[in-house]
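Below is one structure, written out as structure tokens; comments come after it.
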Amino acid sequence: MNNRLSFGIIKNASLTYWDEQMKKCWEGLSFPPFVGDGPVASLQSRAECRWQPPGEGWVKLNLDGASRGNPRQAGIGFYVHNWECKEITTLASPVGIKTNNWAELMALVEGLHLFRKLGVKNLDIEGDSAIIVNALRKGNMPNWRLNTLLSKAIDLCKGFDRFIVNHIYREGNKRADELANMGADGIKLLSKPP
């Protein structure tokens, strides 16, 4: 088993204002998620962003976190599909008074726990938080209080044969966003995995 962390190429992205902010937070960050050969982010590219199924033999986890303030009532949400576009499970869950970044990380940790239980080997992770994608790449958060939760996520990732992490615009991650907002509204939903 290959326990090395590996990350996929970020699609449809280029250097943006937020990349510059991330570089300021993480000096020495060698591969921020939006640096690449893709087109410049625009309203049109965001509007055209669509969910894509994972590659053959892979499972895709789309995740999101929501908070009604920072911090306020928060929720997590994710949905999972296999390479044949068959839905495996969905989750929406309230998580109490938390920040948005904490909720994003908790959605990741909960999704990774589920996949470890299911014995998934190849995992495609997709989320709309550039901060979380950057944190996974760098191995730490600019907010040190979140590093313990990030460490849990990184340790869980090591249990997969292969995984990739991609950023997707919120417009392509609408369902995860809806599920996270349901959680923030106090709604709990879990469709059972097979």
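The values are calculated or read from the model by the stated rules, or taken from the named source; none is laboratory data. All values reported here derive from a predicted model rather than from experimental measurement. Here the Cβ is made from the backbone with ideal geometry for all residues, glycine too, and neighbour counts use every protein chain on show.
Numbers for the structure displayed
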| item | result |
| --- | --- |
| Residue 105 touching a strand residue (DSSP E or B) at 6+ places or on another chain (Cβ under 8 Å) and under 23 Å from residue 192 (Cβ atoms) | no |
| Any hit, segment 125-132, residues being part of a helix (DSSP H, G or I), buried (at least 24 other Cβ atoms within 10 Å of the Cβ) and within 12 Å of the chain's Cα centre (by Cα) | yes |
| Residue pairs meeting the criteria (Cβ under 8 Å; at least 6 apart or on separate chains; first more than 18 Å from residue 123 (Cα to Cα) and part of a loop (DSSP other than H, G, I, E, B), in segment 143-159; second of a type in the set (S, T, N, Q) and modelled with pLDDT of 90 or more) | 143/101 |
| Checking residue 180 against (1) out of contact with any helix residue (DSSP H, G or I) (no Cβ under 9 Å at 6 or more places or on another chain); (2) modelled with pLDDT of 90 or more, the condition it does not meet | (1) |
| Subset of segment 143-175 (residues that are modelled with pLDDT of 90 or more and among the basic types (Lys, Arg)) | 152, 162, 174, 175 |
| Selection from segment 74-88 of residues that are in contact (Cβ under 8 Å) with a residue 40 or more places away in the chain and surrounded by fewer than 18 Cβ atoms within 10 Å (Cβ to Cβ) | 87 |
| Any chance residue 47 is of a type outside the set (S, T, N, Q), under 17 Å from residue 128 (Cα atoms), touching a strand residue (DSSP E or B) at 6+ places or on another chain (Cβ under 8 Å) and modelled with pLDDT under 95 | no |
| Of the criteria (1) hydroxyl-bearing (Ser, Thr, Tyr); (2) out of contact with any Asp or Glu (no Cβ under 8 Å at 6 or more places or on another chain); (3) under 24 Å from residue 54 (Cα atoms), which one residue 151 fails | (3) |
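Table: residues versus (1) touching a residue at least 40 places away in the same chain (Cβ under 8 Å); (2) of a type in the set (D, E, K, R); (3) not in a strand (DSSP E or B).
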site	(1), (2), (3)
46	yes, yes, yes
60	yes, yes, no
64	yes, yes, no
69	no, no, yes
94	yes, no, no
